[in-house]
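Worksheet: one structure, shown below.
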Amino acid sequence: MTTTPSVARGGRFTIALVPLDERPVNVELPIAIAAIAGADLVLPPDELMPDIRVPGQADAIGDWLAEVAPKVDAAVVSVDTLAFGGLIAARTTDDSVVTALSRLDRLRALKATAPDLPIAAVSLVMRATNSYNPQEEPLYWAEVGKELHRLGALHHRDFLVRAKALADDGNAAELQALRDSLDPAVIADFEQRRLRNHQVNLAMLGMAAERSVDPLLITADDTAEYAAGSLEQVWLGQWMTVLPTGGEVLMYPGADEVAAVLVARQLTCLSGVAATFAVACAEDDGLGRIAKYENSSIETAVARQLKASGARLVTDDDAEVLVIHAPDPHRRDFVHDKISFDEVDRLAADKTAKLIARLLGEGRRVALADLRYANGGDPLLVENLIANGLALKLSAYGGWNTAGNSLGSVVAAAAAAQIGRAMGTLDEGAARRMLIHRLLEDYAYQSVARPQLERRLDADYKTRKFEAEGLETSIETNMTAELTTLLHTIAPGATGVTNISFPWHRSFEINFVLTGVSA
């Protein structure tokens, strides 16, 4: 990655972003990261973007990228959107591999015409979620989703058995029985989609080798030790090893946070300023734990996220500290598990709170990655920090969805602040809004309000349309009042929360606007 500073246009860097989809974490979060450093993001027009299961206009998005390239300082491209029209489209459309690869050729052509334009790209390994929820998958997922997830795991184990890395342990018999029980047409469709997307990832490795893109991130959400996607990562890893050195390639768990991380990476590239972090964890074994939905240790995840963002890991006594609130050994999830806190949970939260208090007392900047639970920050920790007046002294916070999501967004926000500070372009108001937004969404909504919301709804609401019978409007009204009350406990000077919406008509994603929040 180049560290030669570029000259910002009009005093501000401008970065073109092709988002993974239209959700706030893929659009609003990267915009907020850029704003912290005093930079601008330009995005495709709304009418070109996907709308849940309606694919975006992939060809037109490619045209848009070519049109804006001469006017920007760098680009961040989600390959799934450029090739297929978005995240869901990459799993559900019937576009051929020839069509997808022809769309990716736009990147090669763009680099040929603008060789000095830094282009960072992210391409996803197709997931196979362990559920019967078809919202983001082919419709047959409603009937055989868990079986297809298991099929991928068994194929992965079969590969390792044949490679002599595992004993068979009945794997072949279970695999054959499962294949016999499934519709061959469904298996064929599922595997052909995987093959098509795998070929796209292989093509992107080729583009990285020739430096049409740099860096290339190949990421995967909903990972597991044995899975179709995990096996594909083995194959991709082999090509990463044998291809001649070109652009940097990183492969790790993640998805929705990656655009924000790559915005930070491009800010690093353009400014020549690399953020630096020391890492601290209050629990001795915390960095060695593997978080839910991931397949590597937190120590490995931290190293990957820092490298992806362009930041460096240091041990300097005056460096900003990335504090890791280590994953729960029981790997609990605020959505799928009824979490009852015990003395172990309280002790863990207290240890992390005391670590943060000590570091802040020493005058260190502290960014907090709250990774204890999936799908929400740790209320015990955040409420401790609020009660002791420490929450708003953090430089960044994240505790949403997976550990990779939280880590990436925290590192990106803190790195953007360091870059802005070094360049004299730091927007303190944007940094504060980002911190409060994440505290409100990741703790107040995801950990407190959302579990209560789901308990209030009918047990079968997930199988119905979220917006049916005026339900969504009622939820938005009630949530406005609830989150405004919670906001006042986090940031007493803030006015309130407005414009609440649920972009994909489900409780996972929420969008809102903070009012009365200043530097």
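The values are calculated or read from the model by the stated rules, or taken from the named source; none is laboratory data. It should be emphasised that the depicted structure is a prediction, and the values quoted were computed from it without experimental measurement. Counting neighbours? That spans all protein chains shown, and the Cβs are built from the backbone with ideal geometry, glycine included. Heads up: the accessible areas ignore ligands, DNA and RNA and are worked out on the full protein's heavy atoms, side chains in. Shrake-Rupley method; radii C 1.70, N 1.55, O 1.52, S 1.80 Å.
Below is a table of values for the structure above.
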{"read-out": "Checklist (1) over 26 Å from Leu87 (Cα atoms); (2) among the β-branched types (Val, Ile, Thr); (3) out of contact with any strand residue (DSSP E or B) (no Cβ under 7 Å at 6 or more places or on another chain); (4) not in a loop (DSSP other than H, G, I, E, B) applied to Thr245, failing item", "value": "(4)"}
{"read-out": "Qualifying helices (runs of 4 or more DSSP H) (wholly inside segment 75-191; at least 3 residues being surrounded by 20 or more Cβ atoms within 10 Å (Cβ to Cβ))", "value": "79-84, 87-92, 97-113, 141-162"}
{"read-out": "Residue in segment 391-406 that is farthest from the chain's Cα centre (by Cα), counting only those that are open to solvent by less than 20 Å² (accessible area, probe 1.4 Å) and of a type in the set (Ser, Thr, Tyr)", "value": "Tyr397"}
{"read-out": "Residue within segment 129-147 that is aliphatic (A, V, I, L, M) and more than 28 Å from Ile88 (Cβ to Cβ) present", "value": "no"}
{"read-out": "Positions within segment 243-286 being of a type in the set (Asp, Glu) and either open to solvent by 10 Å² or more (accessible area, probe 1.4 Å) or without any contact (Cβ under 8 Å) to a residue 24 or more places away in the chain (or both), in sequence order", "value": "Glu248, Asp256, Glu283, Asp284, Asp285"}
{"read-out": "Matching residues, segment 210-242, being under 27 Å from Ala114 (Cα atoms) and either among the charged types (D, E, K, R) or open to solvent by less than 30 Å² (accessible area, probe 1.4 Å) (or both)", "value": "Glu210, Arg211, Ser212, Val213, Asp214, Pro215, Leu216, Leu217, Ile218, Thr219"}
{"read-out": "All helices (runs of 4 or more DSSP H) inside segment 289-390 with 3 or more residues being farther than 21 Å from Ile490 by Cα, in contact with a Pro (Cβ under 8 Å, 6 or more places away or on another chain) and open to solvent by less than 40 Å² (accessible area, probe 1.4 Å)", "value": "298-309"}
{"read-out": "One residue from Gln452, Gln418 being within 19 Å of Phe277 (Cα to Cα) and open to solvent by 10 Å² or more (accessible area, probe 1.4 Å)", "value": "Gln418"}
{"read-out": "Segment 287-309: number of residues that are in contact (Cβ under 8 Å) with a residue 60 or more places away in the chain and over 16 Å from the mean Cα position of the chain (by Cα)", "value": "0"}
{"read-out": "Among residues of segment 111-142, those that are of a type in the set (D, E, K, R) and touching an Asp or Glu at 6+ places or on another chain (Cβ under 9 Å), counted", "value": "2"}
{"read-out": "Helices (runs of 4 or more DSSP H) contained entirely in segment 420-519, each with at least 3 residues that are at pLDDT below 90", "value": "450-456, 471-490"}
